[in-house]
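A.B. asks: One structure, pasted below without further comment.
The values are calculated or read from the model by the stated rules, or taken from the named source; none is laboratory data. In this text, all values refer to a predicted model and were calculated from it rather than measured experimentally. No Cβ is skipped: glycine too gets one built from the backbone with ideal geometry, and neighbour counts run over all protein chains shown.
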Amino acid sequence: MASDPALGGIGAPGGSSSGAVAPRSTGDAAGAVPPDAPGRAEVEAALAARPDRVSGPLTDQAPVAIAIDAGPAGSWTVHVERDGRVLQTDGIGKRVKATIHADPATVVATLTGRESGVGAFMDGRLTVRGSLGLALLFEGVLSTGERDARFPRPATVSVGGIRTPYLDAGPLDAPVVVVLHGLGATNASMLPTVWELATDHRVLAPDLPGFGVADKPNAPYSAEWFGRWLRGFCDALQLDRFFLLGNSLGGRIAIEGGLLMPDRVRGLVLLTPSPAFRKLRQFVPVVRLLRPELAVVPLPLRHATAVAGLRMLFAVPDRVRPGWYAAAADEFLRVMGEPRARVAFFAAMRQIYLEEAFGERGFWERLPGLRPPALFVWGDRDRLVPHGFARHVVQALPACQSVVLRDCGHAPQFELPAETHALARSFLAEVMRAG
C-alpha cells in the first residue's frame with residue numbers, strides 16, 4: 001500500500017529535490033534589503049520582542065534553525081539551541097531546516113500571537129518549505145502575547161518511553177477529539193480537520209511513533225501495537241472520555257482504540273480506514289519473508305516522483321494546491337532519508353497486509369465487537385482503500401454510519417473538506433446529544 005500524503009504540510013511551489021531549503025538572494029545579506037523596506041521595521045520589532053529562551057518540543061530537536069522570509073521586507077533565521085536559547089541572524093542561513101514564507105503583515109501577526117500560522121496556511125497566506133514537522137513545532141513559540149484558544153499549541157509527551165510530539169488546539173474544557181494520521185504522513189496531514197474542529201473541540205493531533213518528528217523505536221508497528229501506544233497516549237494526557245478520528249492507517253488505529261477502550265471512546269470518525277485484506281492473501285508467506293530492516297538501504301526517490309505519487313491519492317488532484325504537494329514531498333523525502341524512519345514505514349506497511357483477516361484474532365471477526373458508535377467515510381475513487389469495503393463494514397456493524405463520497409480519493413479531509421467536516425460535526429453532535 002502506498003503512503004498517505006503529509007499534505008497538512010504548509011507548502012509553496014519550487015525547492016530542491018532533497019527537501020533542503022535554498023537561500024534566497026534577497027535575504028542572504030542584511031544590506032540587500034533597505035532598512036526602510038515596507039514592513040521590515042514591523043517584523044524586526046516583533047522579532048525583538050521574542051523571548052530569549054523557549055521550552056517545549058522544539059528544543060527536543062535543537063540545535064535547529066528556522067528561517068522567516070517576509071518577501072521584499074527581508075528574511076531572518078531563528079536559531080534554537082539545546083538549552084532553549086533563541087538567537088537571530090539576518091538572511092536565510094545555509095543550514096535551515098524549514099523556511100516560512102509570508103507577507104510582512106502575516107509574519108508580524110503570527111509572531112505576536114494575533115494569528116495562527118496554521119490559520120494563515122489554511123487560507124493560503126503562509127507557506128513553508130523544508131521540514132513541516134519543525135514548522136509546526138515553531139507555531140506560537142516566539143509569541144509573547146495571549147493566543148486564541150483555537151490556535152494549535154505544540155507539546156510533547158512520553159508514552160512508554162516513546163517521545164511523542166503533538167498539537168493541542170481548541171478550548172481545554174471542550175469535548176476532546178484525538179486525531180490520527182495515516183501511513184507515511186504526519187499530523188500535518190490532518191491540519192484541515194484540526195483547524196476546523198478546534199473552534200469548539202479540544203483537538204489532539206500526535207505524530208504517530210515512527211513518523212514525523214516522533215521517536216522511531218524498534219517495534220512491530222502492527223495495529224495492536226499502535227493501539228496500545230494510543231491507550232498510553234490517552235492515559236498520559238489523563239483523557240477520560242474522548243472521540244477518535246483517523247485517516248487510513250490512523251483510522252485502523254482508531255478502531256483498535258475503540259476495541260481496547262470501549263468505555264472511554266465516545267465515538268469514532270473513520271476516514272478511509274485501512275482494514276485487513278479479505279482477498280489477495282496468497283502473498284502473505286512471501287511478504288513475511290521481506291523484513292522491514294532491509295529498508296536501512298537508502299531509497300533513490302526524486303522529488304518529482306514523490307509529487308506524482310501524492311497526486312495519485314486524489315480523485316481530482318488539482319483540487320489541492322500545487323504548493324501543498326511540493327511541501328508534502330519535501331517532508332516525505334526528509335523523513336525517508338532517516339534509516340529508522342524507513343524501517344518504521346515499511347514495517348507498518350507490511351503489517352497492513354499481514355494483519356489476519358479471519359480467525360480468533362482476525363480483524364473481521366473482532367470488528368463486530370466494536371461498541372462505540374462509528375462513522376465511516378469512503379471515497380468512491382480511492383485507489384488505496386476501495387469503497388467496496390463499506391458493505392463488509394456495514395454487515396459487521398449494522399448500527400454504524402457509512403458514507404461514500406463521490407469524486408473523492410484517499411484523503412477526504414483535503415479533497416472535500418466541507419463535506420467531510422460537515423459529516424464529522426453532525427456525527428459528533430449526534431453522539432453528544434445522545435449522552
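A.B. asks: Hey, any hits in the stretch 145-158 for a residue that's modelled with pLDDT under 95 and more than 19 Å from ASP200 (Cα to Cα)?
C.D. replies: Yes, some residue in the stretch 145-158 is modelled with pLDDT under 95 and more than 19 Å from ASP200 (Cα to Cα).
A.B. asks: When you scan the stretch 1-70 for helices (runs of 4 or more DSSP H) that lie fully inside it, which ones turn up with 3 or more residues that are of a type outside the set (Lys, Arg) and modelled with pLDDT under 50?
C.D. replies: 25-28
A.B. asks: Among the residues of the stretch 328-337, is there at least one that is touching a residue at least 12 places away in the same chain (Cβ under 8 Å), outside any helix (DSSP H, G or I) and of a type in the set (A, V, I, L, M)?
C.D. replies: No, there is no match, as no residue in the stretch 328-337 is touching a residue at least 12 places away in the same chain (Cβ under 8 Å), outside any helix (DSSP H, G or I) and of a type in the set (A, V, I, L, M).
A.B. asks: Let me ask something additional. Restricting the stretch 404-422 to residues that are among the acidic types (Asp, Glu) and assigned to a helix (DSSP H, G or I), which is farthest from LEU191 (Cα to Cα)?
C.D. replies: Here the answer is GLU419.
A.B. asks: Give the residue, chosen from ALA396, ALA374, that is under 25 Å from GLY227 (Cα atoms), under 25 Å from the mean Cα position of the chain (by Cα) and at pLDDT 95 or above.
C.D. replies: From the options ALA396, ALA374, the qualifying one is ALA374.
A.B. asks: Next up: Tell me the residue from GLY258, GLY212, GLY267, GLY227 that is surrounded by 18 or more Cβ atoms within 10 Å (Cβ to Cβ) and at pLDDT below 95, please.
C.D. replies: The match here is GLY212.
A.B. asks: Let me ask something else about it. Output yes when any residue across the stretch 136-154 is crowded, with 18+ Cβ neighbours inside 10 Å, under 22 Å from SER248 (Cβ atoms) and among the small types (Gly, Ala, Ser), and no when none is.
C.D. replies: no
A.B. asks: Would the stretch 328-340 turn up any residue that is buried (at least 22 other Cβ atoms within 10 Å of the Cβ) and of a type in the set (Val, Ile, Thr)?
C.D. replies: yes
A.B. asks: Tell me, which strands (runs of 3 or more DSSP E) lie completely within the stretch 148-229 with 3 or more residues that are under 23 Å from ALA411 (Cβ atoms)?
C.D. replies: Filter on the stretch 148-229 gives 162-169, 176-180, 202-206.
A.B. asks: Can you find a residue in the stretch 343-351 that is in a loop (DSSP other than H, G, I, E, B) and either over 22 Å from LEU313 (Cα atoms) or at pLDDT below 95 (or both)?
C.D. replies: No: the stretch 343-351 contains no residue that is in a loop (DSSP other than H, G, I, E, B) and either over 22 Å from LEU313 (Cα atoms) or at pLDDT below 95 (or both).
A.B. asks: Restricting attention to the stretch 383-417, which residues are out of contact with any strand residue (DSSP E or B) (no Cβ under 8 Å at 6 or more places or on another chain) and either crowded, with 23+ Cβ neighbours inside 10 Å or among the hydrophobic types (A, V, I, L, M, F, W, C) (or both)?
C.D. replies: LEU384, ALA396, ALA399, PHE414 - these are the residues of the stretch 383-417 that are out of contact with any strand residue (DSSP E or B) (no Cβ under 8 Å at 6 or more places or on another chain) and either crowded, with 23+ Cβ neighbours inside 10 Å or among the hydrophobic types (A, V, I, L, M, F, W, C) (or both).
A.B. asks: Quick check: is even one residue across the stretch 124-131 of a type in the set (A, V, I, L, M, F, W, C), closer than 27 Å to ALA329 by Cα, at pLDDT 95 or above and part of a strand (DSSP E or B)?
C.D. replies: no
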